[in-house]
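First comes the structure, then the notes that go with it.
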Amino acid sequence: MKNTQAFISANQDRFLAELLDFLRIPSISADPAYAGSVRNAAEWLAAKLTEAGLDQVRLEETAGFPIVYGEKMVDPSAPTILVYGHYDVQPADPLELWESPPFEPVIKNEVIYARGSCDDKGQVFMHVKAFEAMLASGELTCNVKFMIEGEEEVGSDHLGIFVEANKELLKADVILISDTAIIANDIPSIDVGLRGLSYMEVSVQGPNRDLHSGVYGGAVANPINILCQMIASMHDEFNHITIPGFYDGVLELSASDRAAMAQTPFDLDAYQKDLGIQSVHGEKGYSTIERASIRPTLDVNGIWGGYTGEGAKTVLPSMAYAKISMRLVPNQSSETITQLFTDHFKSIAPKGVTVTVKPHHGGEAYIMPTDSIAYQAASEALAETFGKEPVPTRGGGSIPIVALFEKELGIKSILMGFGLDSDAIHSPNEHYGLFNFYKGIETIPHFFANFHRLSQ
Ligand code: BES
Ligand code: MN
Ligand code: MN
């Protein structure tokens, strides 16, 4: 461990320079215009895995973007850690809100600004460098497999197929993932839960063409007016979701679990200030932390139709559209919720409009028990490097493949992320602290050592 940490210190600047190269590749999986760049990112990463000393490095081709694979088997009797992450990133728009171009990383006040700096290239790269350091120092005690995909931000469809077809290749004792956040740089935490997801796109069609809003307005259903009413009706006055059956099966936390959750450090003033809001909002009877982690949600992600250009155009639109996400919690099924939403949405459409409902991706919620060896290993690792016992937290985001790993491979994932909620992932000016990058590289070898020891 001493040699590993010395190697890391001696190579800090090089590690950072390499990460900046990674961040310069615009690997936006959602936008076909960037398909070449996504592949370039995979090839770049594969070359780095080889340089770091992994064996069997290859791109596993899929019908979508390739999966970067590599392994180092040091001892058949030692535990195997499968590192998962993603090299694809979210689209960067709205571009005009970036203070520096999203794919030209800059460091300001010890923070790296670039799309993907935190989610997830910066965090994936910590693993590559921690591995390199452990191997170079002769202190790698666990077997390692890397599986880094290029479609996480678009639903991991092809990774699911790859996992089902490669159970033997992916055999491991634990999956280690850095793609989540800690509470603060002086309050380490471990995400022990992820929410599931059902993502829908809906449309409402009214008249067969856009109409003059004076000539026809008032006499013909306006699809945007109707869509807004339909969306608004899906929450009641207590901000409960009104879709029949939506809460069936929702795992309610025990009073003692809720009491423990209420002890999680949380500064409401700082939270509101960071977001520029005067007040929080959400389901009655639940705290902000609970609303954003253990409770399911329904949110419009985008809504459009009609005239949105400069100035005013008087038009009664023919079409209205919205993208709607539902975050799900343990014991809700994404498939069931998708069906319930579809049936309900169609049932509340008034006469005079036609609605369509198209499901996009989905996935199930996930829980990591704190009484596991992996949690213990991560907890001790963070305690060693932060000098403070980490707090278990339930995250609000989704990594749908994690539940699938458990179902298909029977392997639990430990979410040892190093980002901050304020890192603006998916937003303009995404960033990642140098502190977090280096802390991650320093902490990962501790996890390996602890997991090895606790597995004996
Ligand atoms: N890394 C995030 C998920 C995340 C962020 C989990 C913060 C916990 C805390 C991941 O890249 C992501 O953005 N996932 C998507 C899911 C997906 C199917 C597009 C999400 O949560 O919206
Ligand atoms: Mn991510
Ligand atoms: Mn993401």
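The values are calculated or read from the model by the stated rules, or taken from the named source; none is laboratory data. Computed from a prediction, not measured in an experiment: that's the story for all the values here. As a convention, Cβ positions derive from the backbone with ideal geometry for all residues, glycine included, and neighbour counts pool all protein chains shown. With ligands, DNA and RNA removed, areas are computed over all heavy atoms of the protein, side chains included. Shrake-Rupley method; radii C 1.70, N 1.55, O 1.52, S 1.80 Å.
When region 311-326 is examined, which residues are found to be assigned to a loop (DSSP other than H, G, I, E, B) and in contact with a Ser or Thr (Cβ under 7 Å, 6 or more places away or on another chain)? Within region 311-326, just Thr314 meets the criteria.
Select from region 354-390 the residues that are open to solvent by 40 Å² or more (accessible area, probe 1.4 Å) and either under 30 Å from Ala221 (Cβ atoms) or acidic (Asp, Glu) (or both) and list them in ascending order.
Listed by number, the residues that qualify are Thr354, Thr356, Lys358, Pro359, His360, Glu364, Asp371, Glu380, Glu384, Glu389.
Could you grab me the full set of residues in region 71-113 that are away from ligand 1 (no atom under 16 Å from the Cβ) and either outside the structural domain of Ala377 (by TED's automatic domain parsing) or in a strand (DSSP E or B) (or both)? Passing the criteria: Glu71, Lys72, Thr80, Ile81, Leu82, Val106, Ile107, Lys108, Val111, Ile112, Tyr113.
Considering only region 128-158, state which residues are among the acidic types (Asp, Glu) and within 16 Å of ligand 1 (Cβ to nearest atom). Reasoning before the result, please.
Initial filter on region 128-158 (among the acidic types (Asp, Glu)): 132, 139, 149, 151-153, 157.
Result: Glu149, Glu151, Glu152, Glu153, Asp157.
On the given criteria, is Tyr286 open to solvent by 60 Å² or more (accessible area, probe 1.4 Å) and either closer than 30 Å to Thr336 by Cα or not in a loop (DSSP other than H, G, I, E, B) (or both)? So Tyr286 fails the test.
Among the residues in region 114-127, are any more than 16 Å from ligand 1 (Cβ to nearest atom) and either open to solvent by 20 Å² or more (accessible area, probe 1.4 Å) or assigned by TED's automatic domain parsing to the domain that holds Glu51 (or both)? The answer is no; no qualifying residue exists.
A count restricted to region 322-331 and to residues that are touching a Pro at 6+ places or on another chain (Cβ under 9 Å) and under 20 Å from Glu201 (Cβ atoms) stands at 3. The residues of region 323-353 that are open to solvent by 30 Å² or more (accessible area, probe 1.4 Å) and either more than 21 Å from Gly245 (Cβ to Cβ) or within 16 Å of ligand 3 (Cβ to nearest atom) (or both), listed by number, are Lys323, Arg327, Pro350, Lys351, Gly352. Of the strands (runs of 3 or more DSSP E) lying entirely inside region 169-259, the ones with 1 or more residues being open to solvent by 30 Å² or more (accessible area, probe 1.4 Å) and in contact (Cβ under 8 Å) with a residue 40 or more places away in the chain are found at 196-205. Taking the criterion of being within 15 Å of His426 (Cα to Cα) and open to solvent by 10 Å² or more (accessible area, probe 1.4 Å), the residues of region 62-98 that qualify are Gln90, Pro91, Asp93, Pro94, Leu95, Glu96, Leu97, Trp98.
Of all residue pairs spaced 6 or more apart or on separate chains, those with beta-carbon atoms under 7 Å, a first member in region 306-317 that is more than 19 Å from Ala219 (Cβ to Cβ) and a second member that is open to solvent by 100 Å² or more (accessible area, probe 1.4 Å) are Tyr307/Lys313.
Would you confirm, using the coordinates I've provided, whether Ala320 is away from ligand 3 (no atom under 16 Å from the Cβ), in the same structural domain as Pro445 (by TED's automatic domain parsing), touching a strand residue (DSSP E or B) at 6+ places or on another chain (Cβ under 9 Å) and open to solvent by less than 70 Å² (accessible area, probe 1.4 Å)? Break it down into steps so the answer makes sense when it comes.
Working: away from ligand 3 (no atom under 16 Å from the Cβ): yes; in the same structural domain as Pro445 (by TED's automatic domain parsing): no; touching a strand residue (DSSP E or B) at 6+ places or on another chain (Cβ under 9 Å): yes; open to solvent by less than 70 Å² (accessible area, probe 1.4 Å): yes.
The answer is no for Ala320.
When restricted to residues that are buried (at least 23 other Cβ atoms within 10 Å of the Cβ) and out of contact with any Phe, Trp or Tyr (no Cβ under 6 Å at 6 or more places or on another chain), region 145-161 contains 5.
Is one or more of the residues making up region 147-166 within 16 Å of ligand 3 (Cβ to nearest atom), of a type in the set (Val, Ile, Thr) and in a helix (DSSP H, G or I)?
As a first pass, look at region 147-166 and keep what is within 16 Å of ligand 3 (Cβ to nearest atom): 148-157, 159.
Right, trim to of a type in the set (Val, Ile, Thr) and you get 148, 154.
Add one more test, that the residue is in a helix (DSSP H, G or I), and what stays is 154.
For region 147-166, residues within 16 Å of ligand 3 (Cβ to nearest atom), of a type in the set (Val, Ile, Thr) and in a helix (DSSP H, G or I): present.
Only residues that are among the hydrophobic types (A, V, I, L, M, F, W, C), within 14 Å of the chain's Cα centre (by Cα) and open to solvent by 40 Å² or more (accessible area, probe 1.4 Å) were counted across region 421-435, and they come to 1. For the condition outside the structural domain of Val163 (by TED's automatic domain parsing) and buried (at least 17 other Cβ atoms within 10 Å of the Cβ), His446 does not qualify. For first residues located in region 380-407 and within 18 Å of Ala292 (Cβ to Cβ), partners that are hydroxyl-bearing (Ser, Thr, Tyr) and open to solvent by 50 Å² or more (accessible area, probe 1.4 Å) and lie 6+ apart or on another chain with Cβ distances below 7 Å form the pairs Pro392/Thr370. The set of residues from region 370-420 being closer than 18 Å to Met126 by Cα and in a strand (DSSP E or B) comprises Ser413, Ile414, Leu415, Gly419, Leu420.
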